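I have placed the structure first, in the form of structure tokens, so that the comments after it can refer back to it.
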Amino acid sequence: MPTKAPRATLRLVIARRPGPATAGNPANGTGQSSADGRDLSGRAATWLPTARRAYAEAQVREERFVREVLERLRAKVRLRPEQRLPIARAAAVLETTPRMLRYRESLGLVAPARSAGGHREYGERELVAAAYADELERRYQISPSDLAFAVRVLAEPAVAADVRRLGELTRRIAPHPPVAALDFEAQKARRLLDLP
């Protein structure tokens, strides 16, 4: 006669809405506690400060990079904020070609102003944008058209949704569970917790 396997014990954790820390709320206002009342805020919420710190560090790096580029451009050209350079001079300052600047403009990565005669004029902002685009292309080993598409994905929600769908189909991005499924799971967990 076959023996029965022991039943596994199921432990559920329900995220509660954050509330003020009280004697009856062991989560100390973090909103995270286990079914038996233990505080999970230390383990479950450790990723949030790390993510915030990484985001803040990335912002500082990017701001530092923009400042360095701006200082380098100003030192090279003695660029005043209101000053505008013709395309040939801007290309020389950026150590690229006028053709590459026109190509980046056609992709929407740089938007130079036009003079009364229709010539492209690059100011401080356009020079920094071109230098930053070049830095991103080198850092991530992508082409200007790849970078332009990435900007388009960020700017257009429909394109972002299509790219997300492709990422889910190729399993490079985790699919979003339907809201109804999440509601069902939450209701099921609540019912199970109410059992004696």
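In table form, for the structure just shown:
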read-out: The stretch 140-162 residues that are within 18 Å of Ser106 (Cβ to Cβ), paired with ones that are basic (Lys, Arg) and surrounded by 10 or more Cβ atoms within 10 Å (Cβ to Cβ) (beta carbon under 8 Å, 6 or more apart); value: Pro144/Arg104
read-out: Hits in the stretch 56-98 (condition: under 20 Å from Val110 (Cβ atoms), without any contact (Cβ under 8 Å) to a residue 24 or more places away in the chain and loosely packed, with under 10 Cβ neighbours inside 10 Å); value: Glu95
read-out: Identity of the residue in the stretch 119-173, farther than 29 Å from Pro98 by Cβ and basic (Lys, Arg), that ends up surrounded by the most Cβ atoms within 10 Å (Cβ to Cβ); value: Arg164
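Every number in this text was worked out from the coordinates using simple rules, so none of it is lab data. Just so it is clear, the model here is predicted, and its values are computed rather than measured. FYI the Cβ positions are ideal-geometry reconstructions off the backbone, even for glycines, and counts take in every protein chain you see.
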